[in-house]
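The values are calculated or read from the model by the stated rules, or taken from the named source; none is laboratory data. Quantities reported herein were computed from a predicted structural model and do not represent experimental measurements. All Cβ positions, glycine included, derive from the backbone under ideal geometry; neighbour counts span all protein chains shown.
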Amino acid sequence: MAGDAPFVDQFSAAAPLPALRAGGLARYRAAGLPGPAIEAWKYTSLDALTKLGLLPAGGAPTTLEALPEAALLAVDGYRAVFVNGRFVPAFSALDGLPKGAVVESLAAHIARDPAAAEAALAGADDGTPLVALNTAFLTDGLVLTVDRGVVLDKPLHLVSIGRPPDGQGVAFHPRHLIRLAPDAVATVVESHAGVGGAGYFANTVADIRVEDGATLRHYVLQNQAAEAFHVAAVRLALAARASYEGFVLHIGARLARHELAATIAGDGVDCRMNGLYLVAGSQHVDNTTFIDHAQPGSRSRQLFKGVLDDSGRGVFQGRVLVRPHAQKTDAHQLSRALLLSRKAEMDGKPELEIYADDVRCSHGATIGSLDQEPMFYLMSRGIDPATAYRMLVEAFAVEALDEISVAAIRDAFATHAQAWLATRRAGGGA
Amino acid sequence: MASSIDTRERLQSVTDQAYKYGFVTDIDTDVAPKGLSEDIVRFISARKAEPEWLLAWRLKAYRHWLAMPEPIWSHVKFPALDYQDAYYYSAPKATDGPKSLDEVDPKLLETYEKLGVPLGERALLAGVAVDAVFDSVSVATTFKKKLEEKGVIFCSISEAVQKHPELIKKYMGSVVPYADNKHACLNSAVFTDGSFVYIPKGVRCPMELSTYFRINAAKTGQFERTLIIADAGSYVSYLEGCTAPMRDENQLHAAVVELIALDDAEIKYSTVQNWYPGDVEGRGGIYNFVTKRGACRGRNSKIAWTQVETGSAITWKYPSCILQGDNSVGEFYSVAVTNNRQQADTGTKMIHIGRNTRSRIISKGISAGRADNTYRGLVRILPKAEGARNYTQCDSLLIGDRCGAHTVPYIESRNPSARVEHEATTSKISEDQLFYCRQRGLSQEEAVSLIVNGFCKEVLQTLPMEFAVEAQKLLGVSLEGSVG
Amino acid sequence: MALLEIKNLHVAVDDREILKGIDLTLDAGEVHAIMGPNGSGKSTLSYVLAGREGYAITAGTIRFQGKDLLAMAPDERARKGVFLAFQYPVEIPGVAGMTFLKTALNALRKERGAGELDAMQFLKFVRAQAKRLEIGDEMLKRALNVGFSGGEKKRNEVLQMAVLEPILAVLDETDSGLDIDALKIVADGVNALRSPERAMLLITHYQRLLDYIVPDRVHVLAHGRIAKSGGKELALELERKGYGEFLGEAA
Ligand SMILES: Nc1ncnc2c1ncn2[C@@H]1O[C@H](COP(=O)(O)OP(=O)(O)OP(=O)(O)O)[C@@H](O)[C@H]1O
Ligand SMILES: [Mg+2]
């Protein structure tokens, strides 16, 4: 069985770090592609992916005519562009980084110091199948290092473009390393999009460490092409008093999964992970989070909202673990989904696993349609039903975007979200 | 229950008959050898003089069971079960059991005292070998008459197989198919006792069923099978269990309960489960692996489960409702208390199929000592469940920092007009609350009991009055020694 | 023998000394008022009397009816007749006020060798007391203090005091948060409990309360010590002058 797992036959021992990658391959082989048979993938199947016949990205183009609209953000910042998982300096803009903030491509890093790279890369691989697969095929990615106390003055915009060669699908496995030394501050925005009509598989792993007192704001716009499969795993380690603010906006892709696993390894940590997913057609969007409160006195907050139209399907799985002795943990999670169509579906599994008594932990989940009352109220003020409907759907969605604390990025994300909302018609399933 | 006396008589008469299967055991004892095999299944069926179709059903279940994996998804840990090291039919009387109350663990007796268990019942509960003639026999007969007048059938499942085969054939296994899960499958193969209730059309059952018979029921725990059918427009409230901790030589309990509510019918099923939980270190104790499910088949039908689970080393049960009929209602009210090394993985499933179906889940988990307490639930709204509603509230209370409390809800909706709401919280008894109570003169244990009862109030108030009072006491007793 | 005798009481919280040598004696039948700036240690004193955890008694003694109060568990003190009306009464969800009161009263009666009241007797007794404090049945049925307004909580504390008939009642700012009418009602309730066997310690910020409940002695607690004691006129003086003269001498 395991030998049949897709991609295994594409493994190349000739590429750099063969031992590390062979280890990843073995773990991936043993597990195979994940699917509903395992609890963590209960509601998401990658069957359609296996039918695509994807090629490794090795020979695929790494050039672009222009950045696609879907990836653009009206935000002043540094930029690092990746095409099919490979760093493209020509489209990037990394001049003027403050002293103590270094951006490098992973490929360059491996070439420069393979031993250090190998050591750094080993950490994130927790043996989950797709992270292992990523290890097996990793070649490039972004390496961001911010030294102690250094503040990255502008957001770093990481653009990832899938560009399958004509008529052929492609798979790529970027690995990003983000390291914030104590008291460093940085904002990283990712946007994911594609060009061309064929399918592709972006299997990204972001390995993030936020040391004592450091702050990372990490925003993701998933606006992949219609035929794309997008799986992004964030592996996050937070030291004492670290602060992480994550947000993911899903608009594109045929199938998308954003998976965050955060380990809170110190006290006074503030970990926020929020998201909005806008799903239509036959899209499938999965948000899976795991917050591991391994130390006392930290706080985590999660808000995920989804709007599901047509035959769209949304999944939210959120697990909060409070380990023994992680007293005074304060963890809250809320998942809210709006179903707009008779064929839409939402599946949720918010999960609390608590082993300490002096804690405040809660979660909430709702699934439903628009309330009739506000609808009626707006109409009674003379607003036509279609407008009222759009206003209310937008109000529902925008509340999630308000969680983004950087105004320029919130506005840029809102622009993309509004473009999607404008395409919705009233009356779907209401 | 009332019928257990009848059952014994019936069994006696059956076993007195010439035995048509060539089973090797000495026929004039009531005992089958240890272990599980097709022969044992046949033996049980023969002893009960069951019709062919039922034997065939049992065998089908048995064969299926052999190949079935153990459920592994729940949050409980225990060594693998040795199915061959158990009796499946009338285990011999334990020779090492206590001979009199003097030999019974004084802790247990103390508990009976606290719960106010009448003296006459204590020996029985503690497993002392007595040939008691129950006071309740006469009581039982009186009530039986009253039920008969109304056309209510309330008897043992074995008796029902003989007297009402058409109902058994039609409904048994229709809610919990034999292949549902490993434990239910085993039950289907080897069930030996349990109750059968049929409430005819339009009848409101004149009394809470089984209240008066709970002592008799004490010995029928292992592979119980209960089937309750509420015909159109009828109502019944069924009580199961007992607040006093019950000893049982059998470690594995795998009961199956099936409820069927037809148009406009209502079934209220209340359980107080207090099987032996094992000692402080978790030695001994019952594995309570129960499959309970109700089908709201008819329009406007209603099934309400209330459970107070304080006993057993391991509790694994998910009383569920399949809401087929339009406007049908499912409710689940649960208090699960785990202390010392107990483990509970319990919750419900609400499957919304019909239009305007409604469900409500209130779960209160209390964990103390080194126990683990998990709420696991599923709310599923199917595409045709227009206007369906679910509300779920799961609260966990932790007492001490070495226990665990977990909430694992699955929420699936495929209808935009449906509304599903789920909330869960985790908290502890605050020092301030405890101190406030003690300042008013309550002892530490009284204070804990009071606060815990307050925490569980929404559930306890759904219990029939008499049960509720007992359950309140029970909560206090179950948590003794957990604070301070 | 004095009813309550506090001698050289030193109390620390988390290694920080809060009470720095309190001496206070109450005889049966007396009402004493304690006033003092915020954070001076008034509530701390009340909690120590009631036996709350988290307070380290680093020196001193408290005798109640001649017995060592500090050696007793909180519920034991309560059953012996020490009552604290909390500055911030605690909410206990799901537990009806009536149920709570009945449990507490029966615990006390058991201690005093009186039989338990049956449901009817109890109801009658509580209703009569509640009526005086203008507390309706509806409030008694509700979960204890849950969702009560500030003033309702305080009135509920006084009701509990009236029902439990303590020997020593400590009222920690029971007047704060009461409207004018309620203050009068509560004061009447307290006065009704004044008796030769009973002593009361009123912690308050407002002279006004002492117009209604006239104290035998008034003490100023500042920086963890009784900085001044006097008759009821001391309260008037404080009202005029404030605590300025006590605040300078930081310990
Ligand atoms: N548990 C505690 N932990 C830390 N400090 C405490 C604690 N309890 C009391 N204190 C401190 O002790 C001091 C005295 O507090 P206390 O509550 O006794 O004051 P108070 O005189 O009642 O004030 P107020 O008039 O505002 O009610 C304050 O500085 C307070 O912050
Ligand atoms: Mg105070």
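A few comments on the model shown:
- Verdict on residue C:88 being surrounded by fewer than 17 Cβ atoms within 10 Å (Cβ to Cβ) and within 16 Å of ligand 2 (Cβ to nearest atom): yes
- Subset of region C:91-105 [surrounded by fewer than 22 Cβ atoms within 10 Å (Cβ to Cβ), facing chain B (nearest Cβ under 9 Å) and under 21 Å from the mean Cα position of the chain (by Cα)]: C:91, C:103
- Any hit, region B:382-394, residues being touching a Leu at 6+ places or on another chain (Cβ under 6 Å) and assigned to a strand (DSSP E or B): no
- Picking from residues in region C:23-41 that are surrounded by 23 or more Cβ atoms within 10 Å (Cβ to Cβ) and touching a Ser or Thr at 6+ places or on another chain (Cβ under 9 Å), the one that is farthest from the other protein chains (Cβ to nearest Cβ) is C:35.
- Count of region B:426-484 residues, restricted to those that are at pLDDT below 90, farther than 29 Å from residue C:50 by Cα and of a type in the set (Ser, Thr, Tyr), is 0.
- Some residue of region A:396-412 being within 14 Å of chain B (Cβ to nearest Cβ), assigned to a helix (DSSP H, G or I) and of a type in the set (D, E, K, R): no
- Conditions (1) within 12 Å of ligand 2 (Cβ to nearest atom); (2) within 8 Å of chain B (Cβ to nearest Cβ); (3) of a type in the set (Lys, Arg): number failed by residue C:79: (1)
- Screening B:474, B:479 for residues that are in contact with a helix residue (DSSP H, G or I) (Cβ under 7 Å, 6 or more places away or on another chain), more than 9 Å from every other protein chain (Cβ to nearest Cβ) and closer than 30 Å to residue C:85 by Cβ leaves exactly one candidate, B:479.
- Of the set (1) in a loop (DSSP other than H, G, I, E, B); (2) surrounded by fewer than 18 Cβ atoms within 10 Å (Cβ to Cβ), all apply to residue B:458 but (1).
- Scope region C:186-204; condition in a helix (DSSP H, G or I), surrounded by fewer than 19 Cβ atoms within 10 Å (Cβ to Cβ) and either within 16 Å of ligand 1 (Cβ to nearest atom) or not acidic (Asp, Glu) (or both); matching residues: C:191, C:192, C:193
- Only one of the numbered conditions (1) more than 19 Å from residue C:175 (Cβ to Cβ); (2) surrounded by fewer than 20 Cβ atoms within 10 Å (Cβ to Cβ) is not met by residue C:51, and that is (2).
- Screening region C:49-73 for residues that are within 16 Å of ligand 1 (Cβ to nearest atom) and part of a helix (DSSP H, G or I) and picking the one that is nearest to the other protein chains (Cβ to nearest Cβ) gives C:50.
- Residue list for region C:30-71, restricted to those being within 16 Å of ligand 2 (Cβ to nearest atom), among the charged types (D, E, K, R) and more than 11 Å from residue C:203 (Cβ to Cβ): C:52
- Filter result for residue C:245 (among the acidic types (Asp, Glu), modelled with pLDDT under 90 and farther than 18 Å from residue C:46 by Cα): yes
- Once region C:9-22 is narrowed to residues that are within 16 Å of ligand 2 (Cβ to nearest atom) and surrounded by 20 or more Cβ atoms within 10 Å (Cβ to Cβ), the residue that is farthest from residue C:225 (Cα to Cα) is C:11.
- Residue check for residue C:227: surrounded by 22 or more Cβ atoms within 10 Å (Cβ to Cβ) and among the small types (Gly, Ala, Ser): no
- Considering residues of region C:141-185 that are within 16 Å of ligand 2 (Cβ to nearest atom) and assigned to a helix (DSSP H, G or I) only, the residue surrounded by the fewest Cβ atoms within 10 Å (Cβ to Cβ): C:150
- Region B:438-461 residues that are more than 7 Å from chain C (Cβ to nearest Cβ) and touching a residue at least 24 places away in the same chain (Cβ under 8 Å), paired with ones that are part of a helix (DSSP H, G or I) and surrounded by 21 or more Cβ atoms within 10 Å (Cβ to Cβ) (beta carbon under 6 Å, 6 or more apart): B:452/B:475; B:460/B:471
- Selection count, region A:333-358, where residues are facing chain B (nearest Cβ under 7 Å) and either charged (D, E, K, R) or surrounded by fewer than 24 Cβ atoms within 10 Å (Cβ to Cβ) (or both): 10
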